[in-house]
Amino acid sequence: MRMIWLLTAATVACLLFLAGGYFNKIKKRIALLGAVICILVGGGFLLLAVLPGNSFYGKVLYRGTTKEKLVALTFDDGPYPPYTEQILAVLKEKKVPATFFLVGENAKAHPDLVREEEAQGHLLGTHTYDHKDLLRLGGPDIRSELSAGVKIVEDITGKRPIFVRPPHGFKDFAVLEQVEALNLKAVNWSVLPKDWTKPGVDVIVHRVVDGVKPGSIVLLHDGDSPARKASRQQTVDALPTIIDQLREKGYIFVTVDKL
Ligand SMILES: [Zn+2]
């Protein structure tokens with residue numbers, strides 16, 4: 001069932017309540033109350049689809065349940081030169097494993113970077129083939145977005161990715177049904193420093209370091225999809241300090257499969 005149908009049903013029910021009140025079929029107070037409840041329910045369905053931290057529509061890993069100080073850094077939308085190389089250099093120097101959610105067409109354009117991520121021991125997942133909003137697609141198109149994203153990573157590395165991050169973290173029943181049908185696991189996040197808004201290196205560092213708890217999954221960006229225009233220099237520059245400060249707080253970095 002699509003989130004959009006739930007929204008449509010809530011809207012229709014809301015209109016029926018309002019019409020019932022207008023034509024005196026039901027008491028106006030009941031009509032108003034019914035309409036407000038329908039709006040709240042519809043809004044709730046929408047929020048549950050677009051907010052990353054819930055499993056309402058199906059299983060989504062958005063943080064680990066561990067009490068140990070484990071944290072997973074994840075990087076979306078790449079590979080994207082020169083930022084992916086710079087992030088890989090920092091991770092290598094600091095000996096930090098991370099998880100990269102690759103956009104298929106970027107992986108196709110930069111297979112050398114995908115192989116480098118793999119060679120350095122990072123975990124690779126798919127972020128679909130070309131970063132379409134899956135809530136707007138029908139089941140067959142969702143499936144082909146996911147399977148094409150999986151295939152390109154498998155073609156380059158010889159390993160089939162098992163983790164997927166839906167674009168924007170958006171999901172509903174249909175999206176997560178296709179994720180499961182392809183034996184994939186959906187991964188969102190629990191710490192969102194909004195690095196893509198370029199708020200400044202210090203702000204990115206503080207948002208991550210202050211937000212991390214045991215089992216946190218941090219969303220950062222090495223890429224910019226589908227536009228492939230924006231700089232990711234702030235993310236690159238924030239990364240060494242994020243790693244150092246989290247280590248000072250006793251955190252150990254892991255890939256999302258270890259959470
Ligand atoms: Zn993305």
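Key figures
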read-out	value
Residue satisfying all of: in the range 211-230; charged (D, E, K, R) and in contact with a strand residue (DSSP E or B) (Cβ under 9 Å, 6 or more places away or on another chain); surrounded by the most Cβ atoms within 10 Å (Cβ to Cβ) among these	Asp222
Members of the range 3-30 that are in contact with an Asp or Glu (Cβ under 6 Å, 6 or more places away or on another chain) and either acidic (Asp, Glu) or outside any helix (DSSP H, G or I) (or both)	none
Flag if Ile156 is farther than 19 Å from Lys132 by Cα and either within 16 Å of the ligand (Cβ to nearest atom) or assigned to a helix (DSSP H, G or I) (or both)	yes
Those residues of the range 126-153 which are of a type outside the set (A, V, I, L, M), assigned to a loop (DSSP other than H, G, I, E, B) and within 16 Å of the ligand (Cβ to nearest atom), in sequence order	His127, Thr128, Tyr129, Asp130, His131, Lys132, Asp133
Considering residues of the range 232-259 that are away from the ligand (no atom under 16 Å from the Cβ) and among the hydroxyl-bearing types (Ser, Thr, Tyr) only, the residue surrounded by the fewest Cβ atoms within 10 Å (Cβ to Cβ)	Thr241
Those residues of the range 155-178 which are out of contact with any helix residue (DSSP H, G or I) (no Cβ under 7 Å at 6 or more places or on another chain) and β-branched (Val, Ile, Thr), in sequence order	Ile162
Helices (runs of 4 or more DSSP H) wholly inside the range 65-124 containing at least 3 residues that are more than 15 Å from the ligand (Cβ to nearest atom), hydrophobic (A, V, I, L, M, F, W, C) and crowded, with 24+ Cβ neighbours inside 10 Å	none
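Any read-out appearing in this document is the output of simple, stated calculations on the displayed coordinates, not a laboratory observation. This structure is a prediction, so every number in the text was calculated from the model and none was measured. We place every Cβ from the backbone using ideal geometry, glycine too, and count neighbours over all the protein chains shown.
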